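Comments concern the structure below.
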Amino acid sequence: MLNVFAPVLFVLIWSTGFIVARAIDGVADPNLFLLVRFLASVLLFAGLALALRVTWPARATWPKHVLAGALLQGVYVGGGYWAVTHGLSPAVMALLGTLQPMVTALIAQRLFDEPVGRSFWAGLATGAVGVLLVLSPRLSAVDGDGLSALVIVVALLSVTAITAGTLIQKTSLAGADLISASAVQYMGGAAVVGLAAWLLGGSEGGYLWRPGAALWGALAWSVFALSGVATTLLVWMVRRGSAAKVTVLLLLAPPLAAVQAWWLFDARLTVVQIAGFALALGGVLLCRRR
């Protein structure tokens, strides 16, 4: 039963990361927000591990777990937030994310001998076109002037990081308990964004942090839903199945985010965007055909 509902639940929650990024705009410094989120996630999973008395990963494997968390959480999420706050359109950042399933498939073929047939590549191409259609109104309004090469490099680095972090989960780490391993891995994510916050500093001599319903709501959702459920499901699905077929679900995140923005922020959806969502869904279903 979980095998059926896990992909649906994962992509529904994962796509809200775009909404959280918008919700904290003007409320919290992104690196500080992520640092608090990741530290809270460490406490959440450590508490669950102690309460359930699960086995912790062997100390010798902790550096590898920390590296996986640093890539999957710190570099990917932190890098994506940083690029968006420095002028890169969220639409372009989301579109760059569609490269991830293709890179994952190519590497997984070599490292784990995962078979990828014609239906996968056809579905990936269909899904990418669908995402492009969903994002097209925002892409047409993007002004590339003023974007530094560093912003683009960081955005591409974040996409590379989630690919590497996902594939590491398929190695010897797959044997560790998922809950206790998550506690260790979020330490890696916290270290990356904590270092970034320290090196980059806040704006106007301080770190933006305005307590209120918007901040606490975004933080609670990020910890319990995005970290506690979505990321856990991602790692669980990658451990149990094909990394390529799991990560292709990320193609649905931008279209779902567009629907959520329409629902929460009254953002208008065009006929082209609705058609794009249908294509993205069809592409994902095609990719996951056995």
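Looking at region 32-47, is at least one residue at pLDDT below 85, out of contact with any Leu (no Cβ under 7 Å at 6 or more places or on another chain) and more than 20 Å from THR160 (Cβ to Cβ)?
No - not one qualifying residue is present in region 32-47.
Condition check: touching a helix residue (DSSP H, G or I) at 6+ places or on another chain (Cβ under 7 Å) and modelled with pLDDT of 95 or more. Does TYR186 satisfy that?
In short, yes.
Within region 151-170, does at least one residue satisfy the condition of being at pLDDT 80 or above, farther than 30 Å from TRP236 by Cβ and out of contact with any Lys or Arg (no Cβ under 6 Å at 6 or more places or on another chain)?
yes
Output the qualifying pairs, or none if there are none: Cβ atoms under 8 angstrom, residues six or more apart or on different chains, first residue in region 168-195 and surrounded by fewer than 24 Cβ atoms within 10 Å (Cβ to Cβ), second residue among the basic types (Lys, Arg).
Between residues of region 168-195 that are surrounded by fewer than 24 Cβ atoms within 10 Å (Cβ to Cβ) and residues that are among the basic types (Lys, Arg), the close pairs are ILE168/LYS64; GLN169/ARG239; LYS170/ARG239; THR171/LYS64; SER172/LYS64; LEU173/LYS64; ALA174/ARG239; LEU178/ARG239.
Going residue by residue through region 122-139, is there one that turns out to be surrounded by 18 or more Cβ atoms within 10 Å (Cβ to Cβ), modelled with pLDDT under 80, part of a loop (DSSP other than H, G, I, E, B) and of a type in the set (Gly, Ala, Ser)?
Checking region 122-139: not a single residue is surrounded by 18 or more Cβ atoms within 10 Å (Cβ to Cβ), modelled with pLDDT under 80, part of a loop (DSSP other than H, G, I, E, B) and of a type in the set (Gly, Ala, Ser).
Tell me which of these PRO57 doesn't satisfy, since it passes every other one: (1) in contact with a Ser or Thr (Cβ under 9 Å, 6 or more places away or on another chain); (2) assigned to a helix (DSSP H, G or I); (3) closer than 29 Å to THR160 by Cβ.
Only one criterion is unmet by PRO57, namely (2).
Considering each residue of region 13-31, count those that are part of a helix (DSSP H, G or I) and modelled with pLDDT under 85, and give that number.
The total comes to 8.
Would you pick out the residues in region 44-55 that are exposed (fewer than 13 other Cβ atoms within 10 Å of the Cβ) and not polar (S, T, N, Q)?
GLY47, ALA51, LEU52, ARG53
Check region 55-65 and report whether any residue there is within 24 Å of TRP216 (Cα to Cα) and in contact with a helix residue (DSSP H, G or I) (Cβ under 9 Å, 6 or more places away or on another chain).
Within region 55-65, not a single residue is within 24 Å of TRP216 (Cα to Cα) and in contact with a helix residue (DSSP H, G or I) (Cβ under 9 Å, 6 or more places away or on another chain).
The values are calculated or read from the model by the stated rules, or taken from the named source; none is laboratory data. All of these numbers come straight from a predicted model, not from anything done at the bench. Cβ atoms come from the backbone with ideal geometry, glycine included; neighbour counts cover every protein chain shown.
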